[in-house]
Amino acid sequence: MLDFIYYPVSFIMWVWHKVFGFVLGEDSGFAWALSVVFLVFTLRLILYKPFVTQVRSMRKMQEMAPEMQKLRKKYANDRQKLATEMQKLQQQNGANPLMGCLPILVQIPVFIGLFHVLREFKPGKTENYFFNAQENASFVDSDLFGSKLGSAIFPLQNTASVTDLGGNYVAQWVVMVPLMIAAGIFTHITARHSVDRQQAQIAAGTAAANPQAEIMQKLMLYVFPIGVVVGAPFLPLAVLFYWVSNNLWTLWQQHHVYKRIDAEESEKREKAVETAKSLAPRPGQKPVRKDGKSTAKDVRDIADEPLSEDEEAAAPKGSDGASAGSGADGGTADGTAANGMSAGGSGTNGSGTNGSGANGSAGNGEKKPGAKPVQRRQGAKSKRGKRR
C-alpha cells in the first residue's frame with residue numbers, strides 16, 4: 001500500500017550499507033547502524049533548502065502578527081472577508097504558512113517507512129524491498145555489542161523480539177538505555193533552542209505572543225522528550241539511532257541557519273541606517289532639490305528680483321499710469337475717489353505725494369523712454385530700503 005515510501009527508504013539505506021559494508025564488512029552491526037544514521041543525513045540534506053524557506057516564512061509570519069491581529073478584530077464577524085484579507089497580506093509579504101509544515105510532513109512518512117522496513121527483517125525471509133535474502137540474513141545475524149538492531153524489548157505487533165533474532169535482553173538494555181536517554185536529552189535541547197529564540201523575539205518586539213504557541217512550546221520541551229524515553233523499549237533499536245541522529249542534525253541545522261539569517265538581517269538594518277544618514281541634510285545646509293538647485297532664497301534677493309513676463313502680465317494696473325492698487329484717474333491707495341479725491345483730502349488731477357501723477361508721470365523720477373518698468377514684489381523690502 002505504501003510501497004512508494006518503503007522502496008525509496010530501503011534504497012537509501014541499502015546504498016549506505018554497501019558503502020560502509022565495503023569498509024567494515026557487510027555483516028558488521030556498525031555498518032548497519034551507520035546506514036540508518038546516514039539515511040537520516042541524506043533526507044535532512046534534501047530538506048535543507050525547504051527548512052531555510054520555512055525559517056524565513058516563519059519570520060515573516062511573526063513580523064506580520066500585529067497586522068494579522070488587527071485584521072482579526074476588524075473582520076471578527078466575517079470569516080470569508082478575513083480569509084481573503086489574510087491571504088492578500090501573506091502574498092504582499094511573501095509569506096507561506098504551509099512552508100513551515102513541509103519538513104515535518106516529509107519526515108513523518110520516512111519515519112514510518114524506516115519503522116516498517118526494520119520490522120520486515122526476519123529470519124528466513126527471501127527479500128525486504130531493496131534487500132535480497134542474503135542481505136536480510138546479514139541484518140538478522142548482525143549485532144552491536146550483543147544487541148539486535150531490528151528487535152525491541154517489548155515488541156509491538158509484527159515486530160521481532162530480542163529472542164527471535166538470537167539476542168539477549170541484558171545486552172539489549174545496555175545499548176538501549178544510553179541511546180534512549182540521549183534521544184530524550186537531544187529532543188529537549190533542540191526544543192529549548194527553538195523556544196529560547198522565539199521568546200527572545202517576543203521580548204525584542206519583533207514577534208507577538210501567542211497562547212497556542214506557548215502550549216506547543218511546553219509540549220516540545222517536556223512531553224516529547226519524555227515520550228521518547230518511555231516509548232523506546234517498544235521500538236526496534238535502529239529507530240533510536242534514527243532519532244538521536246535526527247535531533248543532532250536538527251540542532252546543528254538550527255544553529256547554522258539562524259546564525260546566517262540573523263547576519264543577513266543585521267546587514268540589511270545597517271545598510272538602511274547608512275542610507276538614511278547619507279540622505280539626511282547636514283546641519284546648516286540648505287535643502288537641495290532634485291535638479292541640484294537650492295530651494296532656499298533670501299527675501300532681499302526676491303525683493304530686488306525683476307518680475308517674469310507672466311508675473312508682470314498678471315500684476316494689476318491702474319488707469320492713466322496709476323500705480324498698482326490706485327483708484328480711478330490716479331487716486332492714491334488710501335481710499336480712492338473720482339478725480340483723485342483721497343480719503344484724507346483732495347488731490348489735483350491724480351497728483352499725490354511720492355505717487356504717480358496724471359498721464360503716467362511719476363514723482364521722484366521719470367521712466368526712461370523705451371525702458372521696461374521694474375516692479376517690486378508686494379510685501380518685500382528692497383536692500384536699499386532696508387539700509388535706510
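Just a few scattered comments:
- Residues that are surrounded by 22 or more Cβ atoms within 10 Å (Cβ to Cβ) and under 47 Å from the mean Cα position of the chain (by Cα), drawn from region 149-174: L149, G150, S151, A152
- Where V23 falls short, out of the listed (1) within 19 Å of P109 (Cβ to Cβ); (2) without any contact (Cβ under 8 Å) to a residue 12 or more places away in the chain: (1)
- Per the conditions (1) exposed (fewer than 14 other Cβ atoms within 10 Å of the Cβ); (2) at pLDDT 90 or above, the sole criterion not satisfied by L144 is (1).
- When residues of region 110-124 are limited to those that are without any contact (Cβ under 8 Å) to a residue 60 or more places away in the chain and surrounded by 14 or more Cβ atoms within 10 Å (Cβ to Cβ), the one nearest to F139 (Cα to Cα): F121
- Among the numbered conditions (1) in contact with a Lys or Arg (Cβ under 7 Å, 6 or more places away or on another chain); (2) not in a loop (DSSP other than H, G, I, E, B), the only one that A95 does not meet is (2).
- Qualifying residue in region 174-190 (condition: farther than 28 Å from Q253 by Cβ, hydroxyl-bearing (S, T, Y) and out of contact with any Asp or Glu (no Cβ under 7 Å at 6 or more places or on another chain)): no
- Q107 satisfies every condition listed in (1) loosely packed, with under 14 Cβ neighbours inside 10 Å; (2) modelled with pLDDT under 85 except (1).
- Residue match in region 213-228 (condition: in contact with a Ser or Thr (Cβ under 9 Å, 6 or more places away or on another chain), surrounded by fewer than 17 Cβ atoms within 10 Å (Cβ to Cβ) and of a type in the set (F, W, Y)): yes
- Qualifying residue in region 74-82 (condition: crowded, with 16+ Cβ neighbours inside 10 Å, part of a helix (DSSP H, G or I) and free of Cβ contacts under 8 Å to residues at least 24 places away in the same chain): yes
- Only one entry of L98, L45 meets the criterion of being without any contact (Cβ under 8 Å) to a residue 12 or more places away in the chain and surrounded by 12 or more Cβ atoms within 10 Å (Cβ to Cβ), and that entry is L45.
- No other residue among A160, A152, A137 is farther than 12 Å from P236 by Cα and small (G, A, S) apart from A137.
The values are calculated or read from the model by the stated rules, or taken from the named source; none is laboratory data. These numbers come from a predicted model, not from an experiment. Quick reminder, even Gly has a Cβ in these numbers, built from the backbone with ideal geometry, and neighbours come from all protein chains shown.
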